[in-house]
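One structure below.
Every number here is computed from the coordinates shown, using simple stated rules; none is lab data. Note that the structure is predicted; figures quoted are calculated from it, not measured. Here the Cβ positions follow ideal geometry from the backbone for every residue, glycine too, while neighbour counts run over all protein chains shown.
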Amino acid sequence: MTEQSVLLDIDQGIAKVTLNRPKSLNSFNVEMHEQMRAALKTIRNDHTVRVMLLTGNGRGFCAGQDLSDRNVKPGAEAPDLGFSIETYYNPMLQAIRDLPMPVICAVNGVAAGAGANIALACDITLAARSANFVQAFCKIGLIPDSGGTWTLPRAVGMARAKGLALLGDKLSAEKAEQWGMIWQCVEDDALQDEAMKLARHFATQPTKGLAMIKRALHASADNSFEEQVLVERDLQRLAGRTDDYREGVTAFMEKRAPEFKGK
Ligand code: T3D
């Protein structure tokens, strides 16, 4: 039996997704894209899931597109990379971004090309101290995709985004944390435990409220202050109708820990 390229394990509200093509540093071929799409759909439709945790198997997190899947021999017709982006990468990034729950990424090793930008598209990104981030696209004549040209300048500012994208140098996990590109750099042997600890925390939190926090922050990227406070009004109205809001206030008044159900 062939090994699955994407492993999905759902347990106690936590959906753990492991990229599993370690020999090619978990780079994406079509089969892996299809398995990732199916995993994201399962997570979206499973109402027991309250947090997703994404990581990689082996010494890398993800090296982006599997370059051995591209025929660039002399005389071969140029591949339509726009088709690949439109069919696979963009829907994957959009699906991750739109998940109505926190998405944690545990970057266990090198994150290159689309792999780097997938990590940056997650909500809370932890990275092992030995991991690094590489906007490798410029080294093969491409441009950063998977949302990188949007995410990077917003995360680190234009000067650093240009440096990373135009030079394609490795950025250490430590510097990525210092630059505000990721949430936290942790010791290698603590990464999976720390990520799971966070996942367990989120699995007990007011999931609908957290999903609305994501929506509000995403919306803020292109809104004026005046527009954004209207988004806040609308989402707060919805948040105020959740069972978890009721439980949060009741628990506070009764001086006890809340028991959120994600509803
Ligand atoms: O095509 C489209 O659909 C458009 C969309 C594009 C999205 C993209 O992601 S484009 C960018 C593609 N990715 C890259 O350009 C990164 C290529 N990889 C590297 O630059 C380096 O491998 C790393 C910096 C990631 C890691 O370097 P290092 O020295 O730690 O490892 P290595 O020795 O280079 O790689 C280890 C193995 O993984 C090696 O195989 P081998 O020799 O042991 O059999 C290497 O060939 C393989 N590997 C690494 N990256 C890829 C890959 N195989 C296929 N595709 C890869 N992207």
Which Cys in the chain stand alone, with every other cysteine's Cβ at 4.7 Å or more from theirs?
-> Cys62, Cys138, Cys185
When the chain is modelled as a GNM with alpha-carbon springs shorter than 10 Å, which of Met181, Met158, Met196 fluctuates the most?
-> Met158
For Lys263, which lysines qualify as cross-link partners when the Cα separation must be under 25 Å and same-chain residues fewer than eight apart are set aside?
-> Lys16, Lys41, Lys197, Lys208, Lys214, Lys255
For Asp11, what charge total do you get from the other residues with a beta carbon under 13 Å from its beta carbon, if Lys and Arg give +1 and Asp and Glu give -1?
-> +1
Amide H neighbours of Ala112 under 5 Å, counting only residues 5+ apart in sequence or on other chains, H built in-plane at 1.01 Å?
-> Cys62, Ala63, Gly64, Val134
Between the alpha carbon centres of region 165-205 and region 214-260 the gap in Å comes to 26 Å
For region 207-253, the Kirkwood Rh over every pair of distinct alpha carbons, in Å, works out to 11.3 Å
Using alpha carbon centers only, region 8-69 is separated from region 100-156 by a whole-angstrom value of 15 Å
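Using Cα pairs closer than 8 Å and at least 6 residues apart in sequence, work out the relative contact order for the chain, in percent.
16 percent
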Given the options Phe133, Phe61, Phe202, which has the most mean-square fluctuation in a GNM of the chain, springs set between C-alpha atoms less than 10 angstrom apart?
-> Phe202
Assign one of three labels to region 6-202, namely rounded, prolate or oblate, based on the Cα gyration tensor with a ≥ b ≥ c the square roots of its eigenvalues; rounded applies when a/c is under 1.5, prolate when it is not and a/b is larger than b/c, and oblate otherwise.
-> oblate
The chain - mean residue ellipticity at 222 nm from DSSP helices (-39,500 (n - 2.57) per run, n ≥ 4, rounded to 500) = -13000 deg cm²/dmol
Put a dot 7 Å past each Cα toward the Cβ at Lys170 and Glu3; how far apart are the dots in nm?
-> 2.2 nm
Amide H neighbours of Ile182 at under 5 Å, excluding residues fewer than 5 places away on the same chain, with H built from the backbone geometry, are Glu177
Honestly region 112-152 on the Cα gyration tensor test (a ≥ b ≥ c root eigenvalues; a/c under 1.5 rounded, otherwise a/b vs b/c for prolate or oblate) is just oblate
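Percent antiparallel among DSSP beta bridges with both residues in region 6-202, to the nearest 5?
So the antiparallel bridges in region 6-202 amount to around 30 percent.
Step through the table entries Lys23/Lys73; Lys73/Lys170; Lys23/Lys162, compare each Cα-Cα distance with 26 Å, and write down the pairs that go over it.
Over 26 Å apart, Cα to Cα: Lys73/Lys170; Lys23/Lys162.
For region 120-203, rounded, prolate or oblate, judged on the Cα gyration tensor with a ≥ b ≥ c (square roots of eigenvalues), a/c < 1.5 rounded, else prolate if a/b > b/c?
The shape class here is prolate.
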To the nearest 20 debye, region 71-214 has a Cα-centred charge dipole, built from +1 on Lys and Arg Cβ and -1 on Asp and Glu Cβ, of 300 debye
